[in-house]
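Q: Dropping a structure here in structure tokens format, bear with me for questions.
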Amino acid sequence: MEFGIKINNIPLELGQELPQETLSAGDFRRSGLLRRLFAHQPVDQNVYAIEDCELEGLNDQLHIYPCTHSYLNQDRQWRTKVTLFLKEDRLQRILFQVVQGQTAALNFLERFEEAAVQMIGEPDRKDRHTASWQSQGAHVESYLHPDRVNADFVIELAE
């Protein structure tokens, strides 16, 4: 299933080969071994990350972006972060995060879930903070952290 994900206008699909030129064009930085070990990231995968980026996808029903304008109160600002997990240069997992968004985390969580329901259907599992879907070889999940200011959105190849 194609999710139509774009990070900073760079199209990404699960299983696709991502050459270094594409990752460099999107300003993705490779995580070093020490960072991967401390973050409990898979050693057999290459991990690339970028901060304060935009995500578009799920049939153009979703648009998540950062808001770091210094003139806004801190409760009206938020950041974003994307981490890509590649195995043998093929995209295995996309982790998109809304960080320190006092109102944005819950707002984007609701938008993500609405777009996922329209595209995939009702979630296989849903509770107050989490929703997850299994769809045509992919696992999709949304998670609102207990602090309610951070949210994670995962799209990955199903095992």
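To keep it simple, each residue is scored yes or no on (1) touching a residue at least 40 places away in the same chain (Cβ under 8 Å); (2) in a helix (DSSP H, G or I); (3) touching a Leu at 6+ places or on another chain (Cβ under 9 Å).
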{"residue": "Leu86", "(1), (2), (3)": "yes, no, yes"}
{"residue": "Gln92", "(1), (2), (3)": "yes, no, yes"}
{"residue": "Phe108", "(1), (2), (3)": "yes, yes, yes"}
{"residue": "Gln118", "(1), (2), (3)": "yes, yes, yes"}
{"residue": "Gln134", "(1), (2), (3)": "no, no, no"}
{"residue": "Arg148", "(1), (2), (3)": "yes, no, yes"}
{"residue": "Asp152", "(1), (2), (3)": "yes, no, yes"}
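Q: When you check Leu62 against the structure, is it over 19 Å from Val149 (Cβ atoms) and at pLDDT 90 or above, yes or no?
A: Yes; evaluated as a whole, the condition is true for this residue.
Q: Which residues, counting only those in the range 119-133, are surrounded by 13 or more Cβ atoms within 10 Å (Cβ to Cβ) and either under 19 Å from Gln61 (Cα atoms) or touching a Phe, Trp or Tyr at 6+ places or on another chain (Cβ under 9 Å) (or both)?
A: Met119, Ile120, Pro123, Asp124, His129, Thr130, Ala131, Ser132, Trp133
Q: The conditions are (1) touching a residue at least 40 places away in the same chain (Cβ under 8 Å); (2) part of a strand (DSSP E or B), and Ser142 fails exactly one of them. Which is it?
A: (1) is the only condition that Ser142 fails.
Q: On the basis of being among the hydroxyl-bearing types (Ser, Thr, Tyr), modelled with pLDDT under 90 and more than 21 Å from Ile7 (Cβ to Cβ), does Thr130 make the cut?
A: In short, no.
Q: Looking at the range 134-159 only, could you name the residues that are surrounded by 14 or more Cβ atoms within 10 Å (Cβ to Cβ) and among the acidic types (Asp, Glu)?
A: Glu141, Asp152, Glu156
Q: Just one of Arg79, Arg35, Arg29 is in contact with a strand residue (DSSP E or B) (Cβ under 9 Å, 6 or more places away or on another chain), at pLDDT 90 or above and of a type outside the set (Phe, Trp, Tyr); which is it?
A: On the way: Arg35 fails: at pLDDT 90 or above; Arg29 fails: at pLDDT 90 or above.
The match here is Arg79.
The values are calculated or read from the model by the stated rules, or taken from the named source; none is laboratory data. This one's a predicted model, so the numbers in the text were calculated from it and none came from an experiment. Note that each Cβ is placed from the backbone with ideal geometry, even for glycine, and that neighbours are counted across all protein chains shown.
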